[in-house]
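Have a look at the structure below before the remarks.
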Amino acid sequence: MEFETILKKLKNVLDPNRFNHSVNVMEMAESLAKYYGADINKARLAGILHDCGKNYKGDDARDYVKNMGYEPDEIEMLQPKLLHGIIGENLAKEIYGVTDEEILGAIRWHTTGKAGMNLLEKIIYIADYIEPLRSFEGIENMRKVAFEDLDKCIVYCSESTIDFILKKGVLLHQNTVETRNYSLMLIKYRKTKYL
Ligand SMILES: [Fe+2]
Ligand SMILES: [Fe+2]
C-alpha cells in the first residue's frame, strides 16, 4: 500500500491526538534512522503505524489476539493495553499490507521492548518515548542521550516506565524488566574484556 494511502487511512481511524503522536514518532524515528544509519523508509513506516492497534481495548483486544491464535500471558490478560503492539503488527500485515519483518517487529515490541532488540526496534521504542508531544521529568536528558547512545537511552526509557508503573501500582511486565537489564548488560560488556 502507498505511504499516502496509509497516512489517510490512519488519519481516519485514529483519534486526532493519537494520529499527531504517530506523525511525531515517524519524524523522530526518521531522525534517529538518519543518525544511526538505519533504513529511513522503514523507520517512517514503522513510526506512523506503531500505534495502529490502539483502538482495541479490553475484551476487544483479548478477543483479537485469541482469534489470531496468540495466547496472552497473565499480565497481558489483566492489562490488555499491552496487546496493542501485537495487534498493531497484525493490522499492519492484514490491513496496511506490510510484509517487512523488521517493520512488523518494531511495531510489535514498541510498548515493552524486549531483550535483544534490533536497530529498528530500538529506534521505534525510543522515538515513541521522546517524541516532542511527550513531557515528563528527565525527558530532555533522554532526548540528548538518544543521539549519543541508543542502549543507554533504552535503559533510561525502561527505568522511567518501571518508575511510572511502580507509582501507579499496576503490574510490571517482564519484557520491560528484560529490556532494561539487557540494555544495561550491553553497556557493561563494552567496558570489560572479561565478560
Ligand atoms: Fe503504543
Ligand atoms: Fe505510541
Original post:
Say we look at the stretch 45-64 and pick out the residues that are open to solvent by less than 70 Å² (accessible area, probe 1.4 Å) and free of Cβ contacts under 8 Å to residues at least 24 places away in the same chain; which of these is farthest from ILE95 (Cα to Cα)?
Top reply: GLY58
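Taking the stretch 126-166, which residues are of a type in the set (Ser, Thr, Tyr) and under 11 Å from MET28 (Cβ atoms)? Explain how you work it out, then say what you get.
Of the stretch 126-166, the ones of a type in the set (Ser, Thr, Tyr) are 129, 135, 156, 158, 160-161.
Result: TYR129, single match.
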Original post:
Would you pick out the residues in the stretch 1-26 that are within 19 Å of the chain's Cα centre (by Cα), more than 16 Å from ligand 1 (Cβ to nearest atom) and within 19 Å of ILE123 (Cβ to Cβ)?
Top reply: ILE6
Original post:
Hey, any hits in the stretch 4-25 for a residue that's surrounded by 15 or more Cβ atoms within 10 Å (Cβ to Cβ), under 20 Å from ASN175 (Cβ atoms) and either among the hydrophobic types (A, V, I, L, M, F, W, C) or modelled with pLDDT of 95 or more (or both)?
Top reply: yes
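Quickly run through the stretch 133-151 and pick out the residues that are open to solvent by 90 Å² or more (accessible area, probe 1.4 Å) and within 16 Å of ligand 1 (Cβ to nearest atom). Working first, answer last.
Start the filter on the stretch 133-151 by keeping residues that are open to solvent by 90 Å² or more (accessible area, probe 1.4 Å), which leaves 133, 135, 137, 140, 144, 148.
Listed by number, the list holds a single entry, LEU133.
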Original post:
What are the pairs, 6+ residues apart or on separate chains, where a residue within the stretch 15-32 that is within 14 Å of LYS54 (Cα to Cα) has its Cβ under 6 Å from a residue that is within 11 Å of ligand 2 (Cβ to nearest atom)?
Top reply: ARG18/ASP51; ARG18/LYS54; HIS21/LEU133; SER22/ILE48; SER22/ASP51
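The values are calculated or read from the model by the stated rules, or taken from the named source; none is laboratory data. Computed from a prediction, not measured in an experiment: that's the story for all the values here. Positions of Cβ are generated from backbone atoms using ideal geometry, with glycine treated the same way; all protein chains shown enter the neighbour counts. Calculation scope for accessible area: heavy atoms of the full protein, side chains included, ligands and nucleic acids excluded. Shrake-Rupley method; radii C 1.70, N 1.55, O 1.52, S 1.80 Å.
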